[in-house]
Amino acid sequence: MTGRLAVLAAAVLATGCSSSQQAGTSARAPGPLRVLVTISTFESFALGVGGDRIAVSSLVPVGASPEDYQPAPADIERLHAADVLIENGVGLESWLARTIDNAKNPSLDIVTATRGLAVKDGNPHLWMDPELARGYVRTIRDALDARDPAGKTSYDRNAAAYDAKLVALEREIAARIDTIPPGSRAMIVFHNAWQYYDDRFGLRTVGVVELSPGQEPNPQYIAKLIGLAKSAHVRAVFAEPEYSPKLVQSLAQSAGIATIESLYDDSIGNDPRVRTYEDMLRYDTATIVRALGGKAA
């Protein structure tokens, strides 16, 4: 009888443990909420909302492009251990779905930060407009509230404070862009990350060097860009740190205009001046204003 009771007790204990593990798959583990973002630029949004209740890191390293990123086995391990993943969506992270499948993490909450925002021409770079970045922050707030209800008051307070910073940032950038002479507000950029920024602040991207990730333009296309630069009186062509500047330099030399090699968008930089989203946009704006003939701050 004693042996039968022992077997029964062991079975009940095993059943109780199994139920507890299943119930806990969506509960918060002790310690900070483990949050992954796809690109380093989004770390600012996550930390702005989560504060010290989260530990956040980026899948795509600083300085790498999310559009042609090749995930490593370590990325799968990090996804397996994460509580929340914040992605952009709109086709930016084409490699991500398979990586998530391989991570086999049924308790992972996947947050698409562009949810509910108006997308233009399939362009995924909505965060380059601070007004749309506020939408990212609201979506992240709602996701953290749902995953960690005990932190709701903190998340909501942090999100409101960060939202106010973004409102102030938008006004600051608009004032700086307004110093550029109206006839000089045209740019040629390396890839089409600037549509939302341009539309918000009254600039024009008249040409893009790289139309598709990793695809170099042919000579005929470069000749077309040179013609556009001259006809639109473009003062500068802008590259990005994660891409080779050779094409931009060649284009600028042929068009007789300046080369600017340090605009950031898909990734913040290792330079301490561009370690956060706000710093990145301030740096980019100062670079653009200076190159297009606006007034220095």
Could you tell me which residue of the range 263-297 is surrounded by the fewest Cβ atoms within 10 Å (Cβ to Cβ), considering only residues that are β-branched (Val, Ile, Thr) and part of a helix (DSSP H, G or I)? Thr287
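Filter the range 216-262 down to residues that are part of a helix (DSSP H, G or I) and hydroxyl-bearing (Ser, Thr, Tyr), then give me how many there are. I'd like the intermediate steps shown before the answer.
Of the range 216-262, the ones part of a helix (DSSP H, G or I) are 219-231, 246-255.
Subset that is hydroxyl-bearing (Ser, Thr, Tyr): 221, 231, 250, 254.
Matching residues across the range 216-262 total 4.
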I need every pair where a residue in the range 108-119 that is assigned to a strand (DSSP E or B) has its Cβ under 7 Å from the Cβ of a residue that is of a type in the set (S, T, N, Q) and crowded, with 17+ Cβ neighbours inside 10 Å, sequence separation at least 6 or different chains. Val111/Thr139
Candidates Ala252, Ala239 - the one that is within 20 Å of the chain's Cα centre (by Cα), of a type in the set (Gly, Ala, Ser) and in the same structural domain as Phe190 (by TED's automatic domain parsing): Ala239
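So for the range 221-233 (the condition being within 21 Å of Ala64 (Cβ to Cβ), touching a strand residue (DSSP E or B) at 6+ places or on another chain (Cβ under 9 Å) and surrounded by fewer than 17 Cβ atoms within 10 Å (Cβ to Cβ)), does at least one residue qualify?
Here is the first cut: in the range 221-233, the residues within 21 Å of Ala64 (Cβ to Cβ) are none.
No.
Within the range 208-219, track down each residue that is over 18 Å from Thr287 (Cβ atoms) and either of a type in the set (Asp, Glu) or at pLDDT 90 or above (or both). Walk me through how you get there before you give the answer.
Filtering the range 208-219 for residues over 18 Å from Thr287 (Cβ atoms) gives 210-219.
Those that are over 18 Å from Thr287 (Cβ atoms) and either of a type in the set (Asp, Glu) or at pLDDT 90 or above (or both): Glu210, Glu216.
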Residue match in the range 196-211 (condition: more than 25 Å from Gly122 (Cα to Cα), outside the structural domain of Leu132 (by TED's automatic domain parsing) and either assigned to a loop (DSSP other than H, G, I, E, B) or among the β-branched types (Val, Ile, Thr) (or both)): no
Cβ-Cβ distance below 8 Å, separation of 6 or more or different chains: which pairs start in the range 140-160 with a residue that is among the β-branched types (Val, Ile, Thr) and end on one that is surrounded by 14 or more Cβ atoms within 10 Å (Cβ to Cβ)? Ile140/Phe45; Ile140/Ala46; Ile140/Val49; Ile140/Gly50; Ile140/Ile86; Ile140/Val111; Ile140/Ala113; Ile140/Ala159
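The values are calculated or read from the model by the stated rules, or taken from the named source; none is laboratory data. This is a predicted model, so every value here is computed, not measured. We place every Cβ from the backbone using ideal geometry, glycine too, and count neighbours over all the protein chains shown.
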